Structures are given as structure tokens and as C-alpha cells.
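Have a look at this one before I ask anything.
The values are calculated or read from the model by the stated rules, or taken from the named source; none is laboratory data. For clarity, every value in this text was computed on a predicted model and none was experimentally measured. Heads up, the Cβs are rebuilt from the backbone with ideal geometry, glycines too, and the neighbour counts pull from every protein chain shown. Just the protein is used for accessible areas: all its heavy atoms, side chains included, with ligands, DNA and RNA removed. Shrake-Rupley method; radii C 1.70, N 1.55, O 1.52, S 1.80 Å.
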Amino acid sequence: MNKMRKAALTVMALAMVFVMAACAGGNGGNSANGGNAGNGGASNGGGDSAPKVTIEYWHTYSDAEEVVLTEKIKPAFEDAHPNIELKLTRMPYEGLKQQVIAGVAGDAAPDLMRMDIVWVPEFAAQNALMDVSKLEGFDELKASVFEAPMATNFYNGGYYGVPVNTNTKVAIYNKATLEEAGLTEAPKTMDELVAAAKTLKGKGKYGIGVSGIHAWGLGPWFWSLGGSITNEDYTKVDGYLNSEASVKALQTIVDWNNEGLVLPVMLGGEPGTWDGIVSGDYLMSDDGPWFYSTKIAEQEATGFNPLEQTVRAIMPAGDGGSRSVIGGENLVMFANSKHPEEAWTFAKWMLTEEPQKIMAETGLIPTNTTAADAMTTMDIPFVDTYVEQLKTALPRTPIPQWGEVEAIFNLAFEKAIRGEQEPKAALEEAVKQIEAILK
């Protein structure tokens, strides 16, 4: 391991230890480029006489997902690659980032990990991850998956992971409230949604479902209204976050709120988002596929049947089209992996159609486009809309400083929406702060 990188990560690890205490009161890249790892084939040729290699995979799958991973994915991979053994280690999400930092600093990280998409650029910047775009078969893999989830792995001209599963948010409407607004189908445009919200305001109800003042809540609306955060390669904020189109998008959200059209939950009011949807006081909000799995499980207790009592649709289109935000996890390889060739073999295999379809049985949305299309014919009746929305969804800016940038973004929007600052001034101030961080 590079000495400077190891020293830097050791300092990070020690810093995390002190922070947690206070709150409590060798690359191997050449072999990864080698022969038999291409096209998902067994890295050592599959001969019975070859020594078995064990690769360790840290993951954060749920109980149900882990069963599928253990009982279906692991046997299928090891049958196809008899000289590679997959060691699965489930990690608790709480404190996981600190464990990864310590593992990398101590040369004790696993070969692979299922990592939160917003962490990838940060660890890539620390030289902790392998640039997989240099490995054999990457171009074919990249062409087989959704563009936006793949973009969450981009950093400094390379790709430091591959998208193993994805999600996004779509518009979910209370069917009865939609009819109260005089509509028989979900609004296709922002103008149609605003008209419905104005109708419902006269009935004491709310129509526009911005769920919170943060990038995850605001992103779909800001982008759909024509706003942008950076340029296409995520290197420049000035001229984008403070552009005329971005100022107009934020001003539109401010005007909606001032007119009483937006859910009070955006500013921390009551009822909560889904209590308001279930009661019919809210026309809609945006959410991921977990809304359906959760509400279906609660159906007997609540008496609310989400499949019958809601209408799903992609986000209503504004000047920026119909946009939503990308979530999910990426499969990364650590730079100090002891078995990079075998780890890359597993990563490529995991993103092929059949493994992706197997994990889709749990409700996870595949990143492989063929598997995602096939998912619409599986017995998961709500997934088709999410797959459609993924085609135009965008990633939260994949840069190492995203945590700091998001805090500035959130504060600027909150000041404008609460009337503490004009939208243009709020965004200009945010740009200055973000540019300073990026430099």
C-alpha cells in the first residue's frame, strides 16, 4: 500500500475513533487485467487441480436479501467458478464507514464491498478503491447497465465501482384524492399538478409532495423544473447552481410554498408524509419501492391497500423533463485486494442478467437493463414505474466533498423557502462556498 495513503487513512481512522469516543461520553492491478477474468469466466481457468482462492465480500443486505445471497447467489457463482470461494460478511450499517476507513488503513479491508453510492468518490479520492474502468470487460459491463447508477462510480476520469443494485423515487398519488382534484390519471406535467393542488387547497388539502429540504427530497423537483447543480463532469458549480434556470426552479418551489400548495412536511409540519397520503389529506409525494413493500406489510393493521388505493407515475415533467434521484449501492474493489482478478470475476458475474434477476426476487431493482426489463414481468406489480423513471433519474453529485456540498445546498434552499433570503442571492452565496470547497 502506498505509504502516504496508508498514513492518511490511519490518521482518518484515529480521528474517527476519537470522534466516536466523544459521542459515546500493494494495488495488484496487473493481475486484475489478466487473461481469464474477461467475460465473467473463471479467473484460473476452472481446472480442478488449480488452488481454490477465497475472496471476501462485505455487504449490508437485509435479512431476506441475505438469505437469497447465501442460498442462491453464492452457490450459483461457486458452481460457475469452482476455484473461487465467496466469503460473505454482513456488516451493520451503523459505524460501517469508520470500519471501512480502519480496514483500509490497517490493510485489512475485504476484496469487495457493497458500498453506499455516495461514499464511492470519497474513498476513491483516498486511493482506497481500484479503478475498474482499466480492467478487462469493463466497457461491455458499462454498456449493459443504466447510465445514471454507473455515473455514481465516476471520479477523476475513472470508475471506482459498478452499480450492483439501484433505486429511485416516483410520484405516488392517493387515488381518491386524485379524483377529488378532478383527475382520472396522474398529472403528466408540473402545470397539471399545480392546477390539481390549487383545486385541493380549496378543500383544505395539499397537492405538491416535496418531502423535505434536502437533496434527496428536493432533487427530483429542482431537476424536473430545470435546475442543475454542476456541469456534466461534476467539476464546476458556478454558472449551473446559480444559473437563470436554477434560480427559476428554486423560485417556483418558493412560490408554491407561499401559496400553500406544498405539503407542510417539507418544513417539518404534520401530518407525516405517508400519514397524510393514507388519510387523503395529501395528494401525493415521491418515494422508493420500499413504500410499497412497507405498506403492503402493514395493510392488515392500517386497512390501506397501497396497490389499490394509490396511483404510481413518473415525476411530472417541467422545463427539465421528468427527473428523479438515484439511490442504491455499488460494488467496489479495494486497492489492496489480495485477489483482484478473482474479485473482478465476481463483480462482472454479479452484474450479469441471471444474478441480477435472482436478487430482484427480494424487490431490489437491477442495474442490468435486461434484468430490469425482465423484472416488470415478475410478480412485483409496482416495479415497472421505477424502471421507467430510472431512464431519466440523476445521481447526487458524485464527488468526494458531496457531504459538505449537500449541507450548503440544503441550507441555501431552506433560507429561500423560509423567506430569509431571495433565491438568487441564496444560490450565489452557495456557489461561492461550494467553489471554495472544490478548489
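Check the straight Cα-Cα distances from K348 and name the lysines below 26 Å, setting aside those fewer than 8 residues away within the same chain.
K52, K72, K74, K87, K97, K134, K142, K338, K357, K391
Size of region 187-233 along its principal axes in angstrom, Cα-based, largest extent first?
45, 20, 11
If I model a spin label as a point 7 Å beyond the Cα along the Cα-Cβ vector, how far apart are those points for T370 and Q251 in nm?
4.9 nm
Express in nm, to one decimal, how much length is gained between E94 and T302 on full extension, taking 0.36 nm for each residue of separation and deducting their alpha carbon distance.
So the extension gain works out to 71.9 nm.
Could you tell me whether region 311-406 comes out rounded, prolate or oblate from its Cα gyration tensor? Rule is a ≥ b ≥ c as square roots of the eigenvalues, rounded for a/c under 1.5, then prolate if a/b exceeds b/c, otherwise oblate.
In terms of gyration-tensor shape, oblate.
How do T89, T294 rank by accessible surface area computed with a 1.4 Å probe, from largest to smallest?
The ordering from most to least exposed comes out as T294, T89.
Additional query: Ranked highest first by the average count of other Cβ atoms within 10 Å around their residues, in what order do 302-308, 259-265 fall?
Values: 302-308: 13.3, 259-265: 19.1.
Packing proxy ranking, top to bottom: 259-265, 302-308.
Let me ask you something else. Kindly provide the pair-distance distribution of the chain built from C-alpha pairs, with 10 Å bins from 0 and whole-percent values in order of increasing distance.
Each 10 Å bin holds this share of Cα pairs: 4, 20, 28, 25, 16, 6, 1, 0.
Do the sum for the chain: with -39,500 (n - 2.57) for every DSSP H run of n ≥ 4, divided by all residues, what is the mean residue ellipticity at 222 nm, to the nearest 500 deg cm²/dmol? Intermediate values should be presented prior to the final figure.
Details: 21 runs with 199 residues, N = 439.
That calculation yields -13000 deg cm²/dmol at 222 nm.
Could you give the accessible area per residue of region 62-195, probe 1.4 Å, as a whole number in Å²?
Details: 5350 Å² over 134 residues.
Result: 40 Å² of accessible area for each residue.
While we're on this one: Express the carbon and sulfur contribution to the solvent-accessible surface of the chain as a percent, rounded to the nearest whole number, probe 1.4 angstrom.
50 percent
Restricted to Cα positions, what overall size does region 269-356 have along the principal axes? Three whole-Å values, descending.
Between the extreme Cα coordinates on each principal axis of region 269-356 lie 55, 40, 28 Å.
Sticking with this one: What net charge do the residues around S133 carry, taking every other residue with its C-beta under 15 Å from that of S133, with Lys and Arg at +1 and Asp and Glu at -1?
For residues surrounding S133, the net value is -3.
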